[in-house]
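Notes follow the structure.
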Amino acid sequence: MAEWTNISGDMTTGEVTNTWPSTKAVFTKHFGSGCFSCPAFGAEPISMACAMHSTDLGMFVGELKDAAKAESGQ
C-alpha cells in the first residue's frame with residue numbers, strides 16, 4: 001500500500017485520487033469540480049496542475065497529505 005507521506009508534485013493526479021479518494025476534495029477546493037472532466041486529469045503531474053491553476057505546489061501537496069493521512073486513520 002502506498003504511504004501518504006510519499007505524495008509529491010511528481011505524482012499524477014490519478015495516482016493520488018485513486019489511492020486516496022478523499023483527496024478529490026482538495027482538487028475541487030482549488031481547481032473546481034470541472035477538474036475531473038478535464039482530458040488531462042489522471043495523467044497530469046500534480047506540479048503541472050498547480051502551475052496551470054497558479055496554485056502553490058507546497059501548500060497543495062500539504063493539503064493532499066493531510067487528506068490522505070486522515071483517510072488512512074493516522
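Any read-out appearing in this document is the output of simple, stated calculations on the displayed coordinates, not a laboratory observation. What you are looking at is a predicted structure, and each value in this text was computed from that prediction instead of being measured. All Cβ positions, even for glycine, are placed from backbone atoms using ideal geometry, and neighbour counts span all protein chains on display.
Looking only at segment 54-67, decide whether some residue is of a type in the set (Asp, Glu) and under 10 Å from the mean Cα position of the chain (by Cα).
Yes, segment 54-67 contains at least one residue that is of a type in the set (Asp, Glu) and under 10 Å from the mean Cα position of the chain (by Cα).
Just one of (1) without any contact (Cβ under 8 Å) to a residue 40 or more places away in the chain; (2) out of contact with any strand residue (DSSP E or B) (no Cβ under 8 Å at 6 or more places or on another chain); (3) surrounded by 14 or more Cβ atoms within 10 Å (Cβ to Cβ) trips up Glu44, so point out which.
Of (1) without any contact (Cβ under 8 Å) to a residue 40 or more places away in the chain; (2) out of contact with any strand residue (DSSP E or B) (no Cβ under 8 Å at 6 or more places or on another chain); (3) surrounded by 14 or more Cβ atoms within 10 Å (Cβ to Cβ), only one is false for Glu44: (2).
What number of residues in segment 30-47 are in a helix (DSSP H, G or I) and more than 20 Å from Ala67 (Cβ to Cβ)?
So the answer is 1.
Can you pull out every residue in segment 16-39 that is more than 17 Å from Gly62 (Cβ to Cβ) and either charged (D, E, K, R) or free of Cβ contacts under 8 Å to residues at least 24 places away in the same chain (or both)?
Of everything in segment 16-39, those that are more than 17 Å from Gly62 (Cβ to Cβ) and either charged (D, E, K, R) or free of Cβ contacts under 8 Å to residues at least 24 places away in the same chain (or both) turn out to be Asn18, Gly32, Ser33, Gly34, Cys35, Phe36, Ser37, Cys38, Pro39.
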